[in-house]
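The values are calculated or read from the model by the stated rules, or taken from the named source; none is laboratory data. Note that the structure is predicted; figures quoted are calculated from it, not measured. Neighbour counts run over all protein chains shown; Cβ positions are idealised from the backbone, glycine included.
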Amino acid sequence: MPRIDAHLHVFTKASAEFPREISDVWPAEREEPVEKLLGEMEKHQIDQAVLVQMAGASIENHRYLLRCLKEYPNRFLGIGLVPEGHPNPVEHMAALTDDTGIIGFRFSTFGGPRDIFAKMDVREFAAYPIWECAAERDYVLWLYPNAINAHLLPYLIQEFPQVRIVLNHLAVCPGAGKFSWDEFGRPQVQVTGYNLFMHTTYRLARFENVNVHLSGQYAFSKEEFPYKDLAGWHHGLLGGFGAKRLMWATDFPWILEEPGYGKLTTVIEELLPNLSEAELADIMGGNAKRILRFPDL
Amino acid sequence: MILPTSEQKTQWEEEGYLVFENAIQGEDLKRLQNAFDYWADACKEEWLDRVEAGDAVATFYDIPNPLEKDPIFIDIIDYPSYYGALMAFTDHDLILLGPQVRTVAPWPVSYTGWHPDVGQSNPLHIKVQIYVNDVEPGGGEFGFVPGSHKPGAGPYTRPMRQESMTGHKTFPGKAGTAIMFNSCGWHVSMDNHSDTPRKSIILIYEKRTPGRIGPEQFASISEYCQTPERRKLFSLDG
């Protein structure tokens, strides 16, 4: 069974050939190229990976991702972005998925009522055309919902049960103003001690098309690797979703310095030590291969 | 004090729950409903802001510090229709841990799965859930597995769907109904497929153990706790 890193990012220096947004964390001259990733994968026996677009959502911003997918079609699948408020998201998604290796798109908002007590008409959600298109074209939806959007999800999932859903990073829904970067250049998301998500995203286990990443531990944990304070979260997700709907991922490159790629290849064994060999193999790649339809090597 | 009948005692021991229909009624029920609605409305925007900030659960909310907001929330802690049973089952050594004055939104999935609150090693832990509005079947009613509170019962596992739980019973009811249950037992809020939020109050009690609740916990309402019984119930004397 292949070992698949189900969520990470690569980017190159900003250039006319590969335009991208810049920030303090990814300035124009910084690069975390696919060759560096392949080196880590080789060293730690990881066979395939999902490359997730970052640093810009325009078609042009996707050029480096598209080049990587074209160059290594058997190693990688891609997840794209759609600009917030794009006037024609369906056209944008179509332009990026014409046999390119991009299999889906990442979102954090759904454009429905902020108040869970409001009347819910899913057809009125701003994201409805995107989900409708995903259902028609078999896109995967890669979701990292803002906290105020989490309650909208089951309405969309009920409406489109055929759409494959992957909830990112332990199904956490970050709160507004709770995001920062630490001294190792890693995203940090401040979460409450009480696990709020067991009352929202964990409850989506009811829907068979919903899957979850076991990743991003470094961003939520108050401890160093292996992030034992999150063992309960992992057990909760395993109990709810089962071993067939969980996918391991590293979130490369943020983890390169601390704790390092190699250590993260063992994080599932550390946090879920009672998994059978078969369950572990599923989480480490078998599920990603089946659900995301990775090509045979 | 209305002590439980022998039938009620037997049911409590064997099944782990009791239902008190019309436990609160008439003017007291109106007072409770008015206070609940007023404060739930007053607290809602702040709750939504906390949801947005990732500091509160998105699928239900509790009125913060309800005992300080209206005396009716204190009066239901030792309400005669079920207080005698609480006292009898705890050998007249009862303390309040806290109230949850809770509004649960209709949602395609219940906000929680089947679970017990405590293990068998915990001192007797009892909850009383009071419906503030009518709760119809499919309206987020309480569910319980009779007998699941007993040592050696089960094992139980959480099913994907609430209605798939082996041996469970559901408890729709009219406003003013109180359901008392042993928190070792497996229980849940059933899915609410209606368009009506479920308004209920969950009172949490325990058989007293030294130091479990400090005198500061409920000090802010001490003016309403003048009798020795109330001071003991609210742990005001340590």
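Can you tell me which residues in the stretch B:129-162 are over 13 Å from residue B:192 (Cβ atoms) and within 14 Å of chain A (Cβ to nearest Cβ)?
B:155, B:156, B:157, B:158, B:159, B:160, B:161
Out of all the residues in the stretch B:168-175, is one or more more than 19 Å from the chain's Cα centre (by Cα), in a loop (DSSP other than H, G, I, E, B) and either crowded, with 16+ Cβ neighbours inside 10 Å or modelled with pLDDT of 95 or more (or both)?
Within the stretch B:168-175 (the criterion being more than 19 Å from the chain's Cα centre (by Cα), in a loop (DSSP other than H, G, I, E, B) and either crowded, with 16+ Cβ neighbours inside 10 Å or modelled with pLDDT of 95 or more (or both)), the answer is no, since none of the residues qualifies.
For the stretch A:117-163, enumerate the residues that are buried (at least 22 other Cβ atoms within 10 Å of the Cβ), of a type in the set (Gly, Ala, Ser) and within 10 Å of chain B (Cβ to nearest Cβ).
Within the stretch A:117-163, A:147, A:150 meet the criteria.
Is it fair to say residue B:167 is free of Cβ contacts under 8 Å to residues at least 60 places away in the same chain and over 18 Å from residue B:17 (Cβ atoms)?
No, not satisfied.
Step by step: first the residues of the stretch A:101-115, then only those that are touching a strand residue (DSSP E or B) at 6+ places or on another chain (Cβ under 7 Å) and β-branched (Val, Ile, Thr), then the one that is farthest from the other protein chains (Cβ to nearest Cβ). Which residue is that?
Selected residue: A:102.
Can you tell me which residues in the stretch A:28-55 are without any contact (Cβ under 8 Å) to a residue 12 or more places away in the chain and either within 24 Å of residue A:105 (Cα to Cα) or not in a helix (DSSP H, G or I) (or both)?
A:35
Would you mention how many residues in the stretch B:1-58 are assigned to a loop (DSSP other than H, G, I, E, B), over 17 Å from residue B:86 (Cβ atoms) and touching a His at 6+ places or on another chain (Cβ under 9 Å)?
Final tally of qualifying residues: 2.
Please indicate, with yes or no, whether at least one residue in the stretch B:66-82 is touching a residue at least 60 places away in the same chain (Cβ under 8 Å) and either of a type in the set (Gly, Ala, Ser) or closer than 30 Å to residue B:167 by Cα (or both).
yes
Each row is one residue, and each column tells you yes or no for (1) more than 28 Å from residue B:74 (Cβ to Cβ); (2) among the acidic types (Asp, Glu); (3) touching a Pro at 6+ places or on another chain (Cβ under 6 Å).
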position: B:127; (1), (2), (3): no, no, no
position: B:137; (1), (2), (3): yes, no, yes
position: B:150; (1), (2), (3): yes, no, no
position: B:156; (1), (2), (3): yes, no, no
position: B:161; (1), (2), (3): yes, no, no
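Assess whether residue A:156 counts as being under 30 Å from residue A:255 (Cα atoms) and of a type outside the set (Gly, Ala, Ser).
no
Mind listing just one residue for me: the one in the stretch B:1-38 that is basic (Lys, Arg) and either without any contact (Cβ under 8 Å) to a residue 12 or more places away in the chain or within 21 Å of residue B:70 (Cβ to Cβ) (or both) and, of those, surrounded by the most Cβ atoms within 10 Å (Cβ to Cβ)?
My answer is B:31.
Out of (1) within 13 Å of chain B (Cβ to nearest Cβ); (2) more than 22 Å from residue A:288 (Cα to Cα); (3) part of a loop (DSSP other than H, G, I, E, B), the odd one out for residue A:208 is which?
The one condition residue A:208 does not meet is (2).
What are the residues in the stretch A:1-26 that are closer than 23 Å to residue A:180 by Cα and either of a type in the set (Ser, Thr, Tyr) or at pLDDT below 95 (or both), if any?
Within the stretch A:1-26, A:12, A:23, A:24, A:25, A:26 qualify.
So which residues in the stretch A:168-186 are more than 14 Å from chain B (Cβ to nearest Cβ) and within 16 Å of the chain's Cα centre (by Cα)?
Within the stretch A:168-186, A:168, A:186 meet the criteria.
Out of B:119, B:143, I need the residue that is surrounded by fewer than 21 Cβ atoms within 10 Å (Cβ to Cβ) and not in a loop (DSSP other than H, G, I, E, B). Which one? Outline the logic, then answer.
Values: B:119 fails: not in a loop (DSSP other than H, G, I, E, B).
None of the others qualify; the one that does is B:143.
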